[in-house]
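The values are calculated or read from the model by the stated rules, or taken from the named source; none is laboratory data. As the structure is a computational prediction, the values presented were derived from the model and not from experiment. Cβ: placed from backbone, ideal geometry, glycine included. Neighbour counts: every protein chain shown. Surface areas here come from the heavy atoms of the whole protein model, side chains and all, with no ligands, DNA or RNA. Shrake-Rupley method; radii C 1.70, N 1.55, O 1.52, S 1.80 Å.
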Amino acid sequence: MKYKVPFVNYPLQYRNLKSGIDAAITRVLENGDLILRSDLEEFERDIASFIGVRYAVGVSSGTDALIFSLQAAGIRRGDEVITVSHTFVASIASIVHVQAAPVLIDVKEDFTMDTDKIESAITPKTKAIIPVHLNGRMCDMNAVMALAERYHIKVIEDSAQALGAQFRGMKAGSFGMAGSFSFYPAKILGGYGDGGLVATNDKDLYEKILLLRSHGQKTKTEILQFGFTGRLDNIQAAILRVKLKHLPKWLERRRQIAKAYHEGLKGISNIILPPAPGAEKNRFDVYQNYVIKAGKRDDLAKHLMDCGVEILIKDPFVLHHQKNLKLSSFALPVTERLSNEVISLPIYPELADEQIVYVVNSVKDFYGA
Ligand SMILES: *Cc1c(COP(=O)(O)O)cnc(C)c1O
């Protein structure tokens, strides 16, 4: 089916950037600059400065960014790590992959970690917290950092959905010991394949991540530890360098679309919208996703698809109820309720104004508003 408003539009973004992207790819191929070359170094330098950290390391995915961060922070078997269930599965998988135990807590109505639930989840085994900045909105990092300091717990920010988002003037990924990012194509800054990044101000952690991503090789002749094939490809870094220049403008466009959705939908009593951009003084949300809570959600989803609006219901089943993951001991009432209410409307910089109006009208039409 051809949608009037597709949920993502990769070809359109490519057409808009074609000359720059094609030139970057051709240059990389003609020079044979494939692994750990200058595009990667330059991209790392530029994005570190954008995020506001000293160091950035390009890795093979957002998931590896989390795993390497936890491992470099010394998290291991016997440790507990606090995170949420209302997230992409990778946040939890990374904890399991370093053989620590995930401790899942509930979220607030804005889909971010309920920081009032952190303290009672802390035990003598708690070594790290992974706050997840979901949908382009940051967790309350004041609360997270205060508790982390009081209990000597490390903070690894899952910033995969929040590149450029801010809390009290600081960007996602710059609060904790490390911040992890993803360049999966649908993310705010997406490559043409998988990729990720660790951001940090900690020199020791930075050096450990460099080793982990490339088989522990300090130099061509010196191996310091066992590591992984976990690098960001130079060709992806070259592409991401082209796209990074557009990022500030893209973030503004996402906020503009969020504002248009807010203005168009705010009168409808059956739905609850995310906070409008600019509504909260200390926040700069970047709307990786525009997720609304909707009455008769499944019927609305069907109506929108019938209208040619491609929507996404992410995780209609909560992660801690996926029985093979063995997380069912957690009872998380808000997370469980949200799974029946959430629906994501299309949001990306290339969305045309007429398409936004069409989405708004299609939602209004469903509720007779
Ligand atoms: C996308 C995402 C990841 C993982 O990123 P990959 O690059 O796909 O491995 C982790 N956490 C969250 C919240 C994400 O959205």
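Things worth noting here:
- Strands (runs of 3 or more DSSP E) wholly inside segment 127-205 that include at least 3 residues being not charged (D, E, K, R): 178-182, 196-200
- Those residues of segment 288-303 which are within 15 Å of the ligand (Cβ to nearest atom) and either in the same structural domain as G190 (by TED's automatic domain parsing) or open to solvent by less than 10 Å² (accessible area, probe 1.4 Å) (or both), in sequence order: Y290
- Residue list for segment 306-343, filter: outside any loop (DSSP other than H, G, I, E, B), touching a residue at least 24 places away in the same chain (Cβ under 8 Å) and open to solvent by 20 Å² or more (accessible area, probe 1.4 Å): L312, L325, P333, V334
- When segment 214-235 is limited to residues that are closer than 30 Å to I21 by Cβ and open to solvent by less than 20 Å² (accessible area, probe 1.4 Å), the one that is farthest from the chain's Cα centre (by Cα) turns out to be S214.
- Of the residues making up segment 345-363, those that are open to solvent by less than 50 Å² (accessible area, probe 1.4 Å) and touching a residue at least 60 places away in the same chain (Cβ under 8 Å) are L345, P346, I347, Y348, P349, E350, L351, Q355, I356, V359, V360, V363.
- Qualifying residue in segment 217-226 (condition: within 16 Å of the ligand (Cβ to nearest atom), in the same structural domain as A90 (by TED's automatic domain parsing) and at pLDDT 95 or above): no
- Residue among S19, S94 that alone is open to solvent by less than 30 Å² (accessible area, probe 1.4 Å) and either over 30 Å from I313 (Cα atoms) or modelled with pLDDT of 95 or more (or both): S94
- Taking the listed residues V84, V103, V96, the one that is farther than 18 Å from L197 by Cα and out of contact with any strand residue (DSSP E or B) (no Cβ under 6 Å at 6 or more places or on another chain) is V96, with no other qualifying.
- Top-ranked residue of segment 78-96 - restricted to ones that are within 16 Å of S328 (Cα to Cα) and part of a loop (DSSP other than H, G, I, E, B), ranked as nearest to the ligand (Cβ to nearest atom): T87
- Pairing residues of segment 70-96 that are more than 22 Å from M145 (Cβ to Cβ) and aromatic (F, W, Y) with residues that are within 14 Å of the ligand (Cβ to nearest atom) and part of a loop (DSSP other than H, G, I, E, B), at Cβ distances under 9 Å and at least 6 apart in sequence or on separate chains, gives F88/A160; F88/Q161; F88/K314; F88/D315.
- Selection within segment 1-16: residues that are among the hydroxyl-bearing types (S, T, Y) and over 16 Å from E354 (Cα atoms). The member of this set that is surrounded by the most Cβ atoms within 10 Å (Cβ to Cβ) is Y10.
- Which listed residue, of E252, E263, E310, is under 18 Å from the mean Cα position of the chain (by Cα) and more than 30 Å from I82 (Cα to Cα): E252
- Filter result (farther than 27 Å from G278 by Cβ and touching a residue at least 12 places away in the same chain (Cβ under 8 Å)) within segment 127-154: K127, A128, I129, I130, L147, A148, Y151, I153, K154
- Complete set of residues in segment 236-275 that are open to solvent by less than 70 Å² (accessible area, probe 1.4 Å) and outside any helix (DSSP H, G or I): H246, I268, N270, I271, L273, P274, P275
- Any hit, segment 191-205, residues being at pLDDT 95 or above, within 11 Å of the ligand (Cβ to nearest atom) and farther than 22 Å from T26 by Cα: yes
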